[in-house]
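Everything on this sheet refers to the single structure shown next.
The values are calculated or read from the model by the stated rules, or taken from the named source; none is laboratory data. What you see is a predicted model; the values in this text were computed from it and never measured. Every residue, glycine as well, gets a Cβ built from its backbone with ideal geometry; the counts of neighbours run over all protein chains shown. Accessible surface is based on the protein model in full, side chains and every heavy atom, while ligands, DNA and RNA are left aside. Shrake-Rupley method; radii C 1.70, N 1.55, O 1.52, S 1.80 Å.
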Amino acid sequence: MTSTDWSDRGLCRTADPDDLFVEGAAQNRAKLLCIGCPVLTECLAYALDHRIEHGVWGGMTERERRALLRRRPTVTSWLHLLETARMEHERSQDAATAVSRAS
């Protein structure tokens, strides 16, 4: 996968890159750019799979990504893991919606 496969659809594509590679409290503002991004999963997976150490990617800071990598050292494909989790979440949401409509 090349970054252009998904990055052209990211909400941050028009942002100043300097706004995404910040430190401290400014990282929380940078993470706001990720809310509702259609490629959040792909972006985060790319950063995790490539061990990118700087900047906000997929709504996570470098510190958050490092902690996640330490907690899950055996993951070989973050893209696969995150996409699978997203699909399972969407299925459970659909099932919950169906149950609430039936009642």
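For this structure, a couple of remarks:
- Among the trypsin sites (Lys or Arg not before Pro) within the range 1-82, those in coil by DSSP and having at most 14 neighbouring Cβ atoms inside 10 Å are Arg9, Arg51.
- Of the residues Thr97, Pro38, His80, the one whose Cα sits farthest towards the positive end of the charge dipole of the range 13-102 is Thr97 (charges of +1 on Lys and Arg Cβ, -1 on Asp and Glu Cβ, taken about the Cα centre).
- Apportionment of accessible area to carbon and sulfur, the range 1-47, percent (1.4 Å): 54 percent
- Calculated FRET efficiency for the pair Ala26/Leu68, C-beta based, R₀ 22 Å, to 0.05: 0.60
- Each Cα pair under 8 Å and six or more residues apart adds its separation to the average, and for the chain the resulting relative contact order is 23 percent.
- Net charge dipole, the chain: roughly 420 debye, given to the nearest 20, about the Cα centre with Cβ charges of +1 for Lys and Arg and -1 for Asp and Glu.
- Cα centroids of the range 60-97 and the range 10-24: 22 Å apart.
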